[in-house]
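A short reminder: the numbers here are calculations on the coordinates, not readings from a lab. Keep in mind the model is a prediction, meaning the values are calculated, not measured. Reconstructed Cβ throughout: ideal geometry from the backbone, glycine too, with neighbour counts over all protein chains shown.
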Amino acid sequence: MSFSRILTAFILFAFPGIVIAQNPKAPDHGRVMACALDVFPHKLKDTTKLSDTKNYVFRGKVISLGKDRRVSICYDVEHMRVAGAWIGKPFVYSSEKNMGPTVEGEMLFATKPGPGWANPRAANRAPGVSRGWDDPRKGKEGPLPRDWVRYKGLYVHGDKVVLSYTVGDMDVLEMPEVVEADVLTQTFNVSATSKPASLLICEDQLLRFSGNGDERKTKPGYHSAAIMFENKKGFGIAGVVGHPSPGAKFEVKQGRLLLNLPAFPKGARFKVFYCRPSDALPVHVIAAAMKNGDEDLKPVIKGGPPRWTQTLETTGTLGDAKGPYALDQITPPTKNPWNASIRFSGLDFFPDGRAALCTWDGDVWIVSALENAGRRPAAKRTWKRFAAGLQQPLGLKIIDGHIYTAGRDQITKLHDLNNDGEADFYENINNDQGLTLQRHEFVMDLQTDKAGNLYFCRSGHYIQSKRGDNCCIYKMSPDGKKLEKFATGFREPNGLSIGPDGTMTVADNEGNGIPQTPIYRLLQGKFYGFTPSIHGNPNQGKFKLTQKPIVWLGPKVDTSAGGQVWAPKTPAADRLRDWGPLAGQLLHTSYGNCALMSVLIDKTAEPWQGAVWRFPLTFNSGIMRARFNPKDGQLYVCGLRGWGTSAVKDGQFARIRYTGKNVPIPVGYRVVKSGLEFTFSAPLDKKATEDDGNWAGTWSGVLKKVPSAKEMQDMPISTITLGADRRTVTIELEKMRTVPNFALQYRIKAADGTNVNGELNGTIHRVP
C-alpha cells in the first residue's frame, strides 16, 4: 500500500467499539442487550499487556451495529468506556465458574477496566494518563462517582442507539455506528463546558504510530485530527472530525490512545472514527464515514418507529369453580416472531386493567383484554412487546403510568416518547450498587410505599461484596438520587411486601446454614443473620439466627420462596372486585413448590408467629410475583422455570378468582395457653369438627431442613372444641411448648355437610 494512499485515508474518523455478532437462532433482543460480559483479552489480535488480565464488564450495554448486526460495541457504563469490539461470531458462555458470557470472534480492540474519561476535576492539570485516571472506587465495585461520570440511559430509534451520560458538568449524547464493518464511528453531541476533557479511545494493540495527531482545520468551522498506527495486519487510522472547536488532539501515553478535547463554551458536535489495521485501507469507506461529522442527535432521541409491529393474541381456560377460589389460565405468547423466551418474573397493572409483565430474559410485555364482566376472562388477550434487552429484570412496578423494572444492573424507567406502544428511552434511575462476579447476585421484586419510595432485594450468597452491597433490602427515594440499605443479612430474598398499614414482610431461601425458608416481618435497620462467603465458596456462607421469622417453612411446604402480597379489602357492596374471605390477608408464593399460600399471623405479642394454608390449586411454573388487578379485584400471578423448582413449564400467567362459594377455609391463627386456635371463614359441623379422629399432626422442636423421624413427633391432641360462633376451633395439646414447625391435617365438614380438608403448617415462638 502506498504511503500517499495512507495519507489520503488519514482524513478519516473512526472510534473503537465492541463487536458481538448475533446468533441467528438466538432470541432477537433488539439492537441492545444489557448483560454482564467477560471480554477475554487473549482473544485480541496482536495484544500484549491486556493478555495478562481479564476484562469483566458488570454493567454492559452491547449494541449490535450494521444491517447484518455482525459488528457490535460494548459499553461499560460503570466507567463510561468502550470495553472492546469484535466481529464475526456471537459471544458464548464461559466455562469458568460463575462467569458470564464472553467474546467469541475476531476482536478489534479492547480497553482495560477503568475510567473511559479522565476525571474532569483533574483535566486542567493533567489531561494525559499520569493523573486524572486513577479509579477511586472502594473495592472497585459500582459506578464511578456521579460528579465524574453518570450514565443516564439510552435511546433506541430504529437501528440507531444513543447513550446519554454526563462527564462532570458536560452532558453527552453518543451514537455508535459501523460503515461496512471496516470503520467504527461514534457521533458526539456535548453541552457547553468550561473544562477540557480527555477520552480513552483504545490501548495496547497500538504498536507503531505515524503522525502527531494534531488537530487541523479542513474548512471554515470544521476541524479534524487523525493518527495512524501499524501492526502485523497493516495500517489503521483513528480520527475525529466535526465541530469540536480548535484544539482537539490525539495523544499516546503508556500504550493508550487518548483524544484530548478543549473546553466547549458553546457545546460541540463531532464524530470519532476508528479503522482497524488492514493491508489495504478502505479509503472510500473512510470517506463515507467522515460525512456528517457534526450530526445533530436531537431527532434521534424523540422516539423512533416501532420495532415490533405485530401484536399477538392468545386465549385461556377457566378453572374449576367448586371451591372458593379458582385458577384461570392465561396463555402466554410462547410462539412469537422474535423467538423471545417467556419466563415471567415481574407483574403490575395500569389503572385501566392492562398488565405489564417482564421476563427474566429482558423483555417487557403489555397484555390487554384481561377484564370482563362476570369474571370470565375474555376470549382473547392482546400482547404487545414493549421493551427488550434489559439485564435480568426480576421486578416490575407501574408508577404514574411509567413502567419501572428492577434488573441486575439498575432500576430502569421506560419511556414511550411517541406513544406508539414501545419504549424509546431506557432511563437509568439508579445503578449505585456494587456488583461482584457471582451469577446469583440478582435484584428481585420492586415495591413502593405511600411516600413513593421504592424497595427491592439484592441477593448473593457466593461472594461478599467488598462494599457490603449485596444480601440486602434497599430503599430508594422516588427520584433515585438516594439509595440506602433498609435491612441486611439475607441470602436469596426473592420478594417482599408492603401492607396498607405499612407492615413489611420478606422471605429468604434456605441454604448455607439457613435451615428452612423463613417469612420475616421486615424492619428497618435489622440484620437477619446471613453473611456470604468472602472467597467465592458457597459452602462458606454463615447464618446466625438474629430475628425470629413469622413462620418457618420446611421443604415439603416451600423449597424456594417467591414473594408476598396483601389482598386488598373492598367494600361489601363492590361485589365485582370482592376477593372473598381472604381479603385483607397476607399471601405468599412459592417458587420452588409452585404454590400459593395464605399466611395467618398471631400478632397478640412479639415476636409475631404464624401458620400457612396452601391453596388447593396446581400451578405450572414457580410463582415469582402476585398482584391484584384494580379493575376486576382479582389476584394475578406470574412465574417461570429457571433454577431449582418443581415447575413443568417455562412460564405462566394466571388469575386466582373468588368464586363466591362459601366453603370454609382457615382465616385466623392464634396460640393460646392450652394449644392452638384457628378461625374458619364459614360455619363448621360441630360433630365432625370436635371428633379428634378427624385431626392429626406432627411437630418438631429441632430447626433443621428435614427433621428425623425421632425428632418429628405426633402432636399430643387432647380435646377439640368448636366455639359458639361455629367458626373458631381450639385444639388443646398436652405439654404445650414452642416449636419451629408443626403440621396439622384436618378432615372435617362444613355446617352444610360439605367436606373440608386441608393442612396447616406453622411455628410456635411463644405460649401465653
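Could you pull out every residue, at least 5 positions away or on a different chain, whose amide H is within less than 5 Å of the one on ASN470? Hs are placed 1.01 Å off N in the peptide plane, and Pro or chain starts have none.
Here SER465 satisfy the definition.
Sort the stretch 312-658 into rounded, prolate or oblate with this rule: let a ≥ b ≥ c be the square roots of the eigenvalues of the Cα gyration tensor; rounded if a/c is under 1.5, and if a/c is not under 1.5, prolate when a/b is larger than b/c, oblate otherwise.
Here the stretch 312-658 falls in the oblate category.
What is the packing order of peptides 463-473, 509-519, taking the mean over residues of other C-beta atoms within 10 Å and listing the highest first?
509-519, 463-473
Starting with the highest mean, order 188-194, 81-87, 387-393 by the number of other Cβ atoms within 10 Å, averaged over the residues of each peptide.
81-87, 387-393, 188-194
Determine the dipole magnitude for the stretch 380-522: charges of +1 sit on the beta-carbon of Lys and Arg, -1 on that of Asp and Glu, nothing else is charged, the reference point is the Cα centre, and the result goes in debye to the nearest 20.
220
So, by mean Cβ neighbours within 10 angstrom, what's the order for 734-740, 671-677 with the highest one leading?
Per-residue mean Cβ counts within 10 Å order the peptides as 671-677, 734-740.
Which shape class applies to the stretch 601-754: rounded if a/c is under 1.5, otherwise prolate when a/b exceeds b/c and oblate if not, where a ≥ b ≥ c are the square roots of the Cα gyration tensor eigenvalues?
oblate
Sort HIS79, HIS157 so the one with the fewest other Cβ atoms within 10 Å of its own Cβ comes first.
Listed from fewest to most nearby Cβ atoms, that is HIS157, HIS79.
Just how large is the dipole of the stretch 312-658 about the Cα centre, in debye to the nearest 20, putting +1 at every Lys and Arg Cβ and -1 at every Asp and Glu Cβ?
680
Among all the lysines, which ones have a C-alpha under 24 Å from LYS749's C-alpha, if same-chain residues fewer than 8 places away are not counted?
LYS322, LYS661, LYS686, LYS687
Report the trypsin sites (Lys or Arg not before Pro) located in the stretch 247-309 that are in a DSSP loop and have at most 15 other Cβ atoms inside 10 Å of their Cβ, or state none.
Answer by residue number: LYS266, LYS291, LYS302.
In the structure displayed, which of LYS526/LYS603; LYS67/LYS140; LYS61/LYS413 lie more than 25 Å apart, Cα to Cα?
With Cα atoms farther than 25 Å apart: LYS67/LYS140.
When the Cα centres of the stretch 184-204 and the stretch 474-495 are compared, how far apart do they sit, in Å?
Each part reduced to its Cα centre gives a spacing of 34 Å.
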